[in-house]
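Undergrad: Below you will find the structure I want to go over with you.
The values are calculated or read from the model by the stated rules, or taken from the named source; none is laboratory data. Every value quoted in this text rests on a predicted model; they were computed, and no experiment measured them. Here Cβ is always computed from backbone atoms with ideal geometry, including for glycine, and neighbour counts include all displayed protein chains.
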């Protein structure tokens, strides 16, 4: 047996003795009536004895072997079975190894701590003692804070799990620069299913941080991945998209209060990474620091402004990614969907001003002064000028462009490819520093334009924030890029100015009329008036559908009172709540809809029979 293993055993034995020896020994006049042995004094005395024993055994090796032989005769063999070989991820391992030998250095109520054996053996006893002390602190933090708080938000990990043990295992091994830790789903399966499985509920942490305070943040992050596996893969047989899986894990540091002190926090590191590359895609996951930066900064906004339930509820559904967030938003009564929230977030990154509305600012105190600086584009101050830029965009990535200079009427024209879905909020800043927010409306070919009068005098700058929002699922690996062009031109003030202003105002009025019409429909439905937004539903509708026909369907369901659609949300998105309402509607009119089809339970699918009944009610 290795002497360091014997040292670990003696240390653990000593700790048990400390617990036993903490008993009343001398009666005194203290308030509790008893005086106790100081466990710190006993621990120091005990560990000094251990150190002297090991030092002595170095000099008298054969005597040491004899002592070990006697000990083995009276102590359980399992005490010394501390060395195990673990499979590891070569993409994270410093040397690209697929397995490492590790030593069990500590067992706590919730964790087995394993450390790479060769690394551990090369450390002297004082250093090993420092590490063990840090692991003592970590195990206590896990038991009293990390585990109860994260499971109360996200739910449980698989417990007792594949190994039948309620403890989780942590393996510290040497990792590549920048890697803090990881989780392998392979470990949650039997080796007969996945040969490289370690058949344990376990996470892997970098050995470089084994004696650092950041260790608790790394453990909290990786533990959320353990929970996610249980809530998604095991309970619902789906795998979460990586970007959202990482988003929840990143937010663990905020939940646990580790981000409360900004300086040196995980949040500070993520802000720095985000500002290095703010146009990184939220949903494309390549494992870079920029990916962690953007998911953390977005999740701070999402959970801070729309509640932690957007993260926890989206975990407890068989949907994944954007669809699961939309379901959680609908469940919690929000009218915004993921698309609107992402668009608002891109504006909030520039404005971060709650006077525009809480959707345009961060509510996290550590981010109250956080603002993104856009790219600057200069326009000539005199005469007519034009600037045309062609760029590429990935889905769910922001772009911030600021235009200054020029003198006259500014015209901006945006063009991309038909079939895409760009959202383009834009802000103008007047000569007093106030901002106005508008949205560029694109046609079906993804083309549109707007005008700004008195640019360079009354209006001193323009900021456009285009983002591509076409793809809503399947974000595995690199995403495609799509081209877009914006052309900004300045014309000196002339008789054309009046026409430009009128055109801009008419477009704005038309937009406002449409918005007012939508609000009026919702008011009428709420008051019980049968003023629906459509006269007839023409298409079959099912989960995930969007549009005016879905809004019309929801209006009809809401008119059937709370027994059919208790939530009564008119969102234009066919989510789980709408699906359940459709099923109840079908069962209410079972003789007309289900019985002719040989069904007794509602399906939640709006097919021909359901459409006929819906359209009959629309026509009444």
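Undergrad: Given the conditions (1) over 20 Å from the mean Cα position of the chain (by Cα); (2) outside any helix (DSSP H, G or I); (3) at pLDDT below 95, which single one is not true for residue 179?
TA: (1)
Undergrad: Here's something else I'd like to know. Using beta carbons and a limit of 7 Å, which pairs, at least six apart or on different chains, have the first residue in segment 450-461 and without any contact (Cβ under 8 Å) to a residue 40 or more places away in the chain and the second one outside any strand (DSSP E or B)?
TA: The qualifying pairs are 458/431.
Undergrad: For the subset of segment 317-360 comprising residues that are in contact (Cβ under 8 Å) with a residue 12 or more places away in the chain and on the phi > 0 side of the Ramachandran plot, which member is surrounded by the most Cβ atoms within 10 Å (Cβ to Cβ)?
TA: Once the filter is applied, the top-ranked residue is 321.
Undergrad: Determine which member of the set 302, 244, 267, 286 is out of contact with any strand residue (DSSP E or B) (no Cβ under 6 Å at 6 or more places or on another chain), assigned by TED's automatic domain parsing to the domain that holds residue 328 and either assigned to a loop (DSSP other than H, G, I, E, B) or surrounded by fewer than 20 Cβ atoms within 10 Å (Cβ to Cβ) (or both).
TA: Only one candidate passes the filter, namely 286.
Undergrad: Kindly indicate whether residue 603 is in contact with a helix residue (DSSP H, G or I) (Cβ under 7 Å, 6 or more places away or on another chain), surrounded by 20 or more Cβ atoms within 10 Å (Cβ to Cβ) and either on the phi < 0 side of the Ramachandran plot or not in a loop (DSSP other than H, G, I, E, B) (or both).
TA: In short, no.
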